């Protein structure tokens, strides 16, 4: 799965859940998972995402879908709270 495909999937899930700015949030979450800026994310849209990155991204999208508005920044970077 590519960056673009994953962004589209995440955005769709968040939009279905009624999250405002679903595309923006999907972008930010994936950028954090990949340790990129949002601009850098758009430079690698065709990059293939690893299974572990997909699992991590889907976990954060699921949390956001459930309206967990505050996902600690340290969680996105794998640092202890």
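From the residues in the stretch 5-35 that are under 10 Å from residue 57 (Cα atoms) and surrounded by fewer than 20 Cβ atoms within 10 Å (Cβ to Cβ), which one is nearest to the chain's Cα centre (by Cα)? The extreme case among them is 31.
Within the stretch 36-57, the set of residues being free of Cβ contacts under 8 Å to residues at least 12 places away in the same chain and either crowded, with 16+ Cβ neighbours inside 10 Å or touching a strand residue (DSSP E or B) at 6+ places or on another chain (Cβ under 6 Å) (or both) comprises 36 only. So is residue 14 at pLDDT below 95 and either farther than 18 Å from residue 66 by Cα or not in a loop (DSSP other than H, G, I, E, B) (or both) or not? Answer is yes for this residue. Residue 36 fulfils the conditions (1) assigned to a helix (DSSP H, G or I); (2) out of contact with any helix residue (DSSP H, G or I) (no Cβ under 6 Å at 6 or more places or on another chain); (3) at pLDDT below 95 except for a single criterion, (1).
The values are calculated or read from the model by the stated rules, or taken from the named source; none is laboratory data. On a predicted model such as this, the values are computed, not experimentally measured, just so you know. Quick reminder, even Gly has a Cβ in these numbers, built from the backbone with ideal geometry, and neighbours come from all protein chains shown.
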